[in-house]
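The structure appears right after this line, and notes come after that.
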Amino acid sequence: MLILGIDPGTAIVGYGLVQVTSGRPQAIDYGCIRTKAKDKASLRLVTIYDKIKDLIKKHQPDTIAVEELFFNKNTRTALSVGQARGVILLAAAHSGLPIAEYTPLEVKQAVTGFGRAPKDQIQRMVKVLLNLETIPKPDDVADALAIGLCHASFASWKEKEQEAKNW
């Protein structure tokens, strides 16, 4: 299974492609999409949409996993991230891909075993679980890989649950 994990944002969108073969996750590609602060919001959203569509076309993932928006004290930031999530979800829907959404708590729980884990612990676990030489930078990229790992964990659990029901 090839999972495209995405950490939404307007300035930086982190992405990570996680391939799971025989239960072992592997990072296939990862990076970030950057938009220009001087550009209008609408142009930034078009850039995000186009780049996500390009990633989907290039890698042909089986599914997309996106972090859910959590309430932010800064309403303006929350709204702009919500808009970025919207175009990411639209790009996935236009591609006909299944979409999974996870809260930050679920991602932390899946990757570290602790839902309140600090950011640096998540980053170190991403490095270890994917056997990477260094922690992916910027933070958004490590977060996107963590989201992909979270989906791999949940998908594996759901498969086992289904097998148990069929047994």
(request) Please compute the net charge surrounding G86, taking Lys and Arg as +1 and Asp and Glu as -1 over other residues with Cβ under 13 Å from its Cβ. (result) 0
(message) Between R76 and E133, what is 0.36 nm times their sequence separation minus the Cα-Cα distance? Round to one decimal in nm.
(response) 16.9 nm
(request) Could you please report the charge total around E68, scoring K, R as +1 and D, E as -1 over all other residues with beta-carbon less than 15 angstrom from its beta-carbon? (result) -3
(message) If you count only protein heavy atoms with a 1.4 Å probe, what accessible area per residue comes out for segment 1-140, rounded to a whole Å²?
(response) 56
(request) State to the nearest 20 debye the size of the charge dipole of the chain about its Cα centre, where the only charges are +1 on K and R beta carbons and -1 on D and E beta carbons. (result) 500
(request) Compute the signed sum of charges (Lys and Arg +1, Asp and Glu -1) over the other residues within less than 13 Å, Cβ to Cβ, of E101. (result) -3
(request) Would you work out what percent of the accessible area of segment 70-119, with all protein chains in place, is carbon or sulfur (probe 1.4 Å)? (result) 60
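So between L43 and L90, what do we pick up on full extension, going 0.36 nm a residue minus the alpha carbon distance?
15.4 nm
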(request) Starting with the highest mean, order 92-104, 34-46, 135-147 by the number of other Cβ atoms within 10 Å, averaged over the residues of each peptide. (result) 135-147, 92-104, 34-46
(message) Principal axis extents for segment 1-144, Cα atoms only, whole Å, descending order, please.
(response) 41, 35, 25
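The values are calculated or read from the model by the stated rules, or taken from the named source; none is laboratory data. All values derive from a computational prediction rather than experimental measurement. Note that we place each Cβ from the backbone using ideal geometry, even for glycine, and neighbour counts take in every protein chain shown. Note: areas computed on protein heavy atoms with side chains; ligands, DNA, RNA excluded. Shrake-Rupley method; radii C 1.70, N 1.55, O 1.52, S 1.80 Å.
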